[in-house]
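These notes concern the structure reproduced below.
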Amino acid sequence: MLGSEAVRAAPGGVRPLPVTRADCDLAEPEHVELLFERLKPKGVLHCAGYTQVDRAEVAEEAAFSDNVEATKSVAAAARLRGIPMLLVSTDYVFDGTSRRPYREDDPPHPLNIYGRTKLEAEQAARDAIIVRSSWLYGPRGRHFVGAILEQATKPEIRVVDDQRGCPTSTLELAPVLWELLLRGIPGIYHAACEGSCTWHELALAAFEMRGAGGPKVVPCATAEYPRPAKRPAMSALDCGKLAAIRGKRLPHWRDALRRFLVA
Ligand SMILES: NC(=O)c1ccc[n+]([C@@H]2O[C@H](COP(=O)([O-])OP(=O)(O)OC[C@H]3O[C@@H](n4cnc5c(N)ncnc54)[C@H](OP(=O)(O)O)[C@@H]3O)[C@@H](O)[C@H]2O)c1
C-alpha cells in the first residue's frame, strides 16, 4: 500500500527502483546484498513489513522475519554503503495509556506482537530515519476505509468507538517520506494527518463524504468485538517535530480522506 504510493510520489530527478518480494526476500541478508549490488541505490525507503496485526499473534515467526530480520539486512546493506535509509514504523509501538498524543521520545510499550516486532525493527535501524505513522489507507492495498465502504449495502454495521488514532492517507505520507530521505538526518519522526478520531468516526466520515447513503453506523466497544491482537486505546501521534522541520503540517484527516475519496 505505502511502497507503491512512494514509487508514484518520487520527486523529479529521482528514479525510484521498486522492489517486491518477487525480487528479493528482504529477510535473507545475502539476497539483499546481491540486490543492492545490482541496483546500486543512493538511498532506501524501507516500506516493506509484516502488517497483519491479528495474524501476527499466531504467526510470530513470519512477523519477526519480515519486520526484524528484513530491517536488519536492509539496514546492514545501507550502512555498508553509507547511504541513507528510512524505516516506516507504527503508532502500535505505544500502549495507548497516554492522555495526550505521543511524542517521539515517549517510552514505547507495544501491546501486541506486530508492535513488538516493529519496535525491534526500530532498534535494528536506530541509526536510520524512522518514520512512525498511523491508520494508513490509500489507493492500493487493503485497509479499513476500503473494507468499511464495501459494506455500503448492509442495513447496519457496528464499529468500535473506544480506539483513537490518526487516519493517514498514503497520498499525503508518501511525499513526506521522500522529503525526509533527501534531507537525510537520522532520528525518529512522527508523521500522520492532523487531528484524531475513533474508527467509528472514521467510518461515519467515509460514508458521509462518499455520499449515496450507507448503513446505520452504530458505535460499539472493543470488548464487544474481540480480536486476537490487543490494540492501544489512544495512539494519536504528536507530529510537532516534523511540522517544525517542514514549516507545515500534514492536512487534517478529514481533508485527506475527502481528497482520497475523489481521487
Ligand atoms: N497499514 C497501516 O495502517 C500502517 C500503520 C502504521 C505503519 N505502517 C507501516 O507502514 C509500512 C507499510 O505498510 P503497508 O500497509 O503499506 O503494508 P502492506 O500493504 O502490507 O505492504 C507491505 C509489503 O511488504 C512486503 N514484504 C513483507 N516482508 C517482506 C520481505 N521479507 N521481503 C520482501 N517484501 C516483503 C509485502 O509482501 P507480501 O505481500 O508478499 O507479504 C508487502 O508487499 C509497514 O512498515 C507498516 O508496518 C502501516
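Please treat every number below as a calculation from the coordinates, not as lab data. Owing to the predicted nature of the structure, the values given are computational and were not obtained by experimental measurement. Cβ sites come from the backbone with ideal geometry, for glycine too, and all protein chains shown count toward neighbours.
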Hey, what did the chain get for relative contact order, percent, Cα under 8 Å, at least 6 apart?
-> 23
The stretch 196-247 to the stretch 1-73: how many Å between their Cα centroids?
-> 27
Please identify which residues in the stretch 115-148 have an amide N closer than 13 Å to a label point set 7 Å out from the Cα of V7, following the Cα→Cβ vector.
-> 140-141
Taking Rh as the Kirkwood radius computed over alpha-carbon pairs of the stretch 63-132 and applying Stokes-Einstein at 10 °C with viscosity 1.306 mPa s, one gets a diffusion coefficient in µm² s⁻¹ of 127
Please work out how many pairs of lysine residues in the chain are eight or more positions apart (or on different chains) and have Cα atoms closer than 28 angstrom.
-> 15
Rounded tilt (10° steps) of 170-183 against the dominant C-alpha axis of the chain = 30
Jot down the radius of gyration and Dmax of the chain, Cα atoms only, both in angstrom.
-> 18.3, 57
Round to the nearest 10 and give me the degree value, 0 to 90, for the angle of helix 253-262's Cα axis relative to the longest principal axis of the chain.
-> 90
Tail fraction, Cα-Cα pairs, the stretch 194-263, threshold 17 Å, whole percent = 59
Tilt, helix 29-39 to longest principal axis of the chain (alpha-carbon atoms), in degrees rounded to tens, equals 80
What is the calculated FRET efficiency for E30 to R79, with r their C-beta to C-beta distance and R₀ = 22 Å, to the nearest 0.05?
-> 0.85
May I ask you to derive the FRET efficiency for R158 and A212 from their Cβ-Cβ distance with R0 = 25 Å, giving the value to the nearest 0.05?
-> 0.75
Please list the equivalent ellipsoid semi-axes of the stretch 52-171, computed as the square roots of five times the alpha-carbon gyration tensor eigenvalues, in descending order and whole angstrom.
-> 29, 17, 15
In nm, what is the difference between 0.36 nm times the number of residues separating D105 and R38 and their Cα-Cα distance?
-> 20.4 nm
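With the cut-off at 23 Å, report for the stretch 108-263 the share of all Cα pairs above it, as a whole percent.
That tail contains 42 percent of the Cα-Cα pairs.
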